[in-house]
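Novice: Take this structure first; my questions come after.
Quick note: the coordinates plus some simple rules give every number you see, no bench work behind them. As the structure is a computational prediction, the values presented were derived from the model and not from experiment. Neighbour counts run over all protein chains shown; Cβ positions are idealised from the backbone, glycine included.
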Amino acid sequence: MEIPNSPPKTQPPIHEISISKNNNLLVPILTKIHAGYFRITLSLGWQALLWKILLQPNQEHSNFSFQVPKLLYFTILTTIWAFSILILILLSILYTLKCIFCFKLIKAEFMHHVGVNYLFAPWISWLLILESAPFVTPKHVSFIILWWIFAVPVVILDVKIYGQWFTKGKKKVLTAVANPASQLSVVGNLVGSRAAAKMGWNEVSVFLFSLGMVHYLVLFVTLYQRLSGGDRLPAMLRPVFFLFFAAPSVASLAWYSISGSFDTGSKMLFFLSLFLFASLICRPALFKKAMKRFNIAWWAYSYPITMLALAATRYAQEVKGGVPHAIRLSLSALSVLVLLCLLVFTAFNPRLLLPDDDPTLVTTTTLPTNASLSTAASRAAIDGGLTV
């Protein structure tokens, strides 16, 4: 009697083998990490830029009563900048691996009404790292090349997302998907505009500035009228409300770079951001549920405050007096304090960085079927968050 030949074993693809070899560690990280983790690098990048402006020696409008030695200036700035780029490189590698091994999760993230907005965050972070670099000037050829590499994806995302608002049906219309995180697209355009102005490209800078501000006005009116947004945002993500004053803050900085002075337009945007900031901090009950347990969304508190501190710094340079100086000092100190607290909370709560109930975590069951994933890892990949 002949024994039937067993079917030949099919060898899984190379990328699935790579995942299975490290399934105990790599798979949970790749399935749970999302673009929202770049909140950390946004905070670090803006902080590096703040210290670059505060401590810059030999500038016309000094921020301190004494001149900071160049050696101390470069030491402090290089330390902050090096730490920022280290974290950014680490997150970029992890997210790139997710794009390679779990691309369907990336597609699902793009379709999520909150998650899609954080796709701007990696490019904004790299633009901030470029602007805050202590050894590269805006006129240098490397600055120009890197600006194109980091700014073009922002415009491509603009075309894709804004195009959906114009042409898609009810599911993709702005009033159905708008939320406070949508303002990250505006911030991306304005950061690119500021960097272009530093290079002397006024036409490109005005183009990006106008693109960002027009959509900011539409977003602000949509969210202000509560047509959508706040009611659909989970309580855990309420720190993202701080983006309400972040967008006008960076707009005032971008217009300052375009016009060359902190003129009336920059002041109006700064006053608007200051008013919105005061409106939010006077309502602590809004963030009560979000503060019950540490999560990655807490990092959304940091970078908007730093943006406002930067705008206040430029305002204090233009308008002399005790009140502008006090505002600048208070906001700068608050920015540093919030960042230090977040670093401490993150260091002492590493397990909470990859929670199973992250509202912005978009998962799908269509992971590689041939990969030998463990049962626990598979369950975490399927049940780790909201399904689109």
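Novice: Across the stretch 296-309, in residue order, what do the Karplus-derived ³J(HN,Hα) couplings come to in whole Hz, using 6.51 cos²θ - 1.76 cosθ + 1.60 with θ = phi - 60° and x for Gly and Pro?
Specialist: For the stretch 296-309, the Karplus curve yields 4, 5, 4, 5, 6, 6, 6, 5, x, 5, 5, 4, 5, 5 Hz.
Novice: How do 87-97, 134-144 rank on mean C-beta neighbours within 10 Å, highest first?
Specialist: 87-97, 134-144
Novice: Please work out whether the stretch 271-359 counts as rounded, prolate or oblate from its C-alpha gyration tensor, where a ≥ b ≥ c are the square roots of the eigenvalues and a/c under 1.5 means rounded, while otherwise a/b larger than b/c means prolate and anything else oblate?
Specialist: Since a/c reaches 1.5 and a/b is larger than b/c, the shape of the stretch 271-359 is classed as prolate.
Novice: Ordered by packing density, taken as the mean number of other Cβ atoms within 10 Å over each peptide's residues, highest first, how do 342-351, 35-44, 107-116 rank?
Specialist: 35-44, 107-116, 342-351
Novice: Further, regarding this structure: Lys/Arg Cβ at +1, Asp/Glu Cβ at -1, dipole of the stretch 22-383 taken about the Cα centre: which of ALA316, TRP255, ALA181 is farthest positive-ward?
Specialist: ALA181
Novice: Hey, can you rank 300-312, 318-330 by average C-beta count inside 10 Å, highest first?
Specialist: 300-312, 318-330
Novice: Between beta-carbons, use under 12 Å as the cut-off and find the net charge around PHE120, counting Lys and Arg +1, Asp and Glu -1.
Specialist: Here the charged neighbours net out to +1.
Novice: With +1 assigned to the C-beta of every Lys and Arg and -1 to the C-beta of every Asp and Glu, and no other charges, what is the dipole magnitude of the stretch 22-383 about the Cα centre in debye, to the nearest 20?
Specialist: Value, rounded to 20: 620 debye.
Novice: Output the pairs from LYS98/LYS289; LYS52/LYS198; LYS32/LYS160; LYS198/LYS320 with a Cα-Cα distance over 21 Å in this structure; if there are none, say none.
Specialist: From LYS98/LYS289; LYS52/LYS198; LYS32/LYS160; LYS198/LYS320, over 21 Å: LYS98/LYS289; LYS32/LYS160; LYS198/LYS320.
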